[in-house]
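Down below is the structure, laid out as structure tokens.
The values are calculated or read from the model by the stated rules, or taken from the named source; none is laboratory data. Computed from a prediction, not measured in an experiment: that's the story for all the values here. Here the Cβ positions follow ideal geometry from the backbone for every residue, glycine too, while neighbour counts run over all protein chains shown. Heads up: the accessible areas ignore ligands, DNA and RNA and are worked out on the full protein's heavy atoms, side chains in. Shrake-Rupley method; radii C 1.70, N 1.55, O 1.52, S 1.80 Å.
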Amino acid sequence: FTRAALFGVGAAIAGAALWFGIRAVSGLDLGIVAIVVGLMVGAAVRKGSDNRGGLVYQLLAVALTYCAVVATFVPLAVTQLEKGMAVDVQQGAPAPEAAPPFDPLQKAVVWGLATALSFALPFLMLQQGEVMAAIIIAIALWEAWRRNVKLQPAISGPHQVGGPTR
């Protein structure tokens, strides 16, 4: 299990990095990359488990895929939260351009809130009517699940041992 988890975490990190890279280069947020992430994580968990498969490995692959997808939302959520915190609460007006940067505790709170919010974002997207994005994420999770189904050995027989006796 440890080996499967390590392989899966590596694939999840690589998948999230791939998604970030595509977003940085193209400026587009291509949700279809989530399916690639699901395939990558599912295959890595399968490889790490020596092709065992089964419920535990399926749950591991789905959880890691979901975390990789969620990780791509965190920087966007941080940006939005920082913009919201930059508004002067007392005045109701945007903070001046020379506003002091956030201290480390504020940064930690923003990143923590953004991470928690990001875990709910796929469900919020569905509630907001972004059905296609939710379907793409569901397909990614399904692919990670499907790649780790426990294989049932094909057993046939009985077979006769040896040839006819004379």
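For the pair V36 and R146 in one chain, pulling the backbone fully straight at 0.36 nm per residue adds 38.2 nm over the alpha carbon distance. Candidate cross-link partners of K107 among the lysines, defined by an alpha-carbon separation under 17 Å and a same-chain spacing of 8 or more, comprise K83. For the stretch 20-90, the calculated P(r), taken from all Cα-Cα distances in 5 Å bins from zero up to the bin holding the longest distance, is 3, 14, 19, 17, 13, 11, 9, 6, 4, 2, 1, 1 percent.
Accessible surface calculations at 1.4 Å, restricted to protein heavy atoms, place the chain at 64 Å² per residue.
Could you compute the FRET efficiency for L6 and N51, with r as their C-beta to C-beta distance and R0 at 25 Å, rounded to 0.05? List each step's numbers first, then the result.
Numbers: r = 16 Å, r/R0 = 0.65.
That pair, L6 with N51, gives E of 0.95.
Report, to the nearest whole %, how much of the accessible area of the chain belongs to carbon and sulfur atoms, 1.4 Å probe, protein only.
The nonpolar share, carbon plus sulfur, comes to 69 percent.
Remark on R147: its backbone amide H falls under 5 Å from none of the residues 5 or more positions apart or on other chains, H modelled at 1.01 Å from N.
Annotation: R3 carries an accessible surface of approximately 100 Å², with a 1.4 Å probe and no ligand, DNA or RNA atoms counted.
Label sites at A138 and Q80, each approximated as a point 7 angstrom past Cα along Cα to Cβ, lie 2.2 nm apart. What lysines does K150 reach when the alpha-carbon gap must be under 16 Å and sequence neighbours fewer than 8 apart in one chain are set aside? Hits, sequence-local ones excluded: K47. A probe of 1.4 angstrom, applied to the heavy atoms of all protein chains, finds F119 with accessible area near 90 square angstrom.
Report, please, the projected area of the chain averaged over directions, based on the convex hull of its C-alpha atoms, in nm². Walk me through the numbers on the way to the answer.
On the way: hull surface 62.3 nm².
That works out to 15.6 nm².
Counting 0.36 nm for each residue step from S156 to E130 and taking away their Cα separation leaves a gain of 4.5 nm.
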